[in-house]
Amino acid sequence: MYVSDLSLDDFRSYDTLVLSLETGVTAFIGSNGQGKTNLVEAVGYLSNLTSHRVGADSALVRRALPGSPQPAGAVLRAKVVHGERPTVVEIELISGKANRARLGRSSVRPRELLGVLRTVIFAPEDLSLVREEPGVRRRFLDDLAVTLRPTLAGVRAEHDKILAQRASLLKSARAARRSTASMLSTLEVWDAQLAAAAATLIAARVDVVRRLRPWLTSAYEAVSQAQSPVHVAYRSSLLAHEGAPDPDPRTMNDLQDASWPAGEEELLDQAGTAQRLETAMGQLHAREIDRGANLVGAHRDELSLFLAGLPAKGFASHGEQWSLALALRLASYEMLRHDVDAYGGDGEPVLILDDVFASLDEGRRRALAQMVAGAQQVLVTAAVPQDVPDELDGVRMSVEASRITRG
């Protein structure tokens, strides 16, 4: 899979852009603020319907100069080639309104674009995968799950909607300082709906963790020169509520055979997990009303990362954090390349390396370059040509004031 053509209208710093791309490595070179990251951000958006830099679509629409009319939206188009079969994907970001999408010549819901173009993006912001709060890692798992099975995007959206509605009910009960029979009956209805959606999401996440493990082990060994063993576990709030101990990397078997911490495999049983979640919610009603918050479910789970038997967050050095963040993205790439056929997909994802080489030492830079040099399409951004390793030989494009020139 690769992108052969990219077109942008009023996206970020680009008024109008039409750009042809090739397979192999393409490096966009330019000083900060010239528009190179905006290019790869557009490719990533067409793949994931989100930006790896900002949360609001409104920030993606070009800001007009003073005295000029502000664009009402932005349009992103790409021709994606699977084998010899090209497909045009398009999305229109409309300020204050729902986005519109096209697949080929047909109008579709934006969600239907998911899976047509698959990307894996590594950027400096990915240090948050190790350093920041659990929500960042939950999103990482959910994004991968949706890439494997695009239909999960609907489940994810429905889960978040139900979660918000149930939280609103709990807050109302807390404000009223009492829970009526009617309110408890309504809460039980939301229990069942949230449990069903959460169970589907949890099973998908655990499946991703299972698939990711062997690739993460090999990727971390490569980028860190095997300095420390890495372990990863899905920490479930349901299992914690039921009294299960926290994941302990010292009790895990050799991860080369993709063995799992105890309890994870049971979470693949969606019907069983939904029933257990509904029971847990019922047991927690009084505490949830007292706090006005949902206390158990997919939204409270965590992807736990360990290096040498210790939690990576808090114990890993800066270099180890970089290695682990890099390994998580490389493992994602390898997993999607090798395992996506299980879900009917085809073609390895486009790999995007956004301004990462300048942040890596020579050893990690060389290891990363060697691992990705054979990818079908790699899009790289860098401030200076020297930041792109020699192993990534390919097309070089200069970016200056959102103008692209080759060479």
Task: Matching option when the condition is open to solvent by less than 20 Å² (accessible area, probe 1.4 Å) and either in contact with a Pro (Cβ under 6 Å, 6 or more places away or on another chain) or of a type in the set (Phe, Trp, Tyr) (or both), among Leu392, Leu326, Leu336 - done: Leu336
Open item on the list: Give me the residue from the stretch 140-162 that is within 23 Å of Val372 (Cβ to Cβ) and touching a Ser or Thr at 6+ places or on another chain (Cβ under 9 Å) and, out of that set, surrounded by the most Cβ atoms within 10 Å (Cβ to Cβ).
Closed with: Thr147
Task: Residue in the stretch 220-227 that is open to solvent by less than 40 Å² (accessible area, probe 1.4 Å) and touching a Phe, Trp or Tyr at 6+ places or on another chain (Cβ under 6 Å) present - done: no
- [ ] Identify all residues within the stretch 45-59 that are out of contact with any Ser or Thr (no Cβ under 6 Å at 6 or more places or on another chain) and closer than 15 Å to Ser7 by Cβ; write none if there are none.
- [x] Leu46
Task: the stretch 180-202 - residue that is surrounded by 19 or more Cβ atoms within 10 Å (Cβ to Cβ) and either small (Gly, Ala, Ser) or touching a Cys at 6+ places or on another chain (Cβ under 8 Å) (or both) and, of those, nearest to Arg287 (Cα to Cα) - done: Ala195
Task: First in the stretch 229-250 and over 20 Å from Ala312 (Cβ atoms) and open to solvent by less than 20 Å² (accessible area, probe 1.4 Å), second anywhere and of a type in the set (Ser, Thr, Tyr) and at pLDDT 90 or above, Cβ under 8 Å, 6 or more apart - done: Leu238/Thr273
Open item on the list: Six or more apart or on different chains, Cβ atoms under 8 Å: show the pairs whose first residue is in the stretch 267-284 and open to solvent by 10 Å² or more (accessible area, probe 1.4 Å) and whose second is hydroxyl-bearing (Ser, Thr, Tyr).
Closed with: Gln270/Thr200
Open item on the list: Restricting to the stretch 367-402, give me the number of residues that are under 19 Å from Leu326 (Cβ atoms), hydrophobic (A, V, I, L, M, F, W, C) and either in contact with a strand residue (DSSP E or B) (Cβ under 8 Å, 6 or more places away or on another chain) or modelled with pLDDT under 90 (or both).
Closed with: 13
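The values are calculated or read from the model by the stated rules, or taken from the named source; none is laboratory data. Please read all numbers here as calculations on a predicted model, not as lab measurements. For neighbour counting, all protein chains shown are included, and Cβ atoms are generated from backbone atoms with ideal geometry for every residue, glycine included. The accessibility values were calculated without ligands, DNA or RNA, using every heavy atom of the protein model including side chains. Shrake-Rupley method; radii C 1.70, N 1.55, O 1.52, S 1.80 Å.
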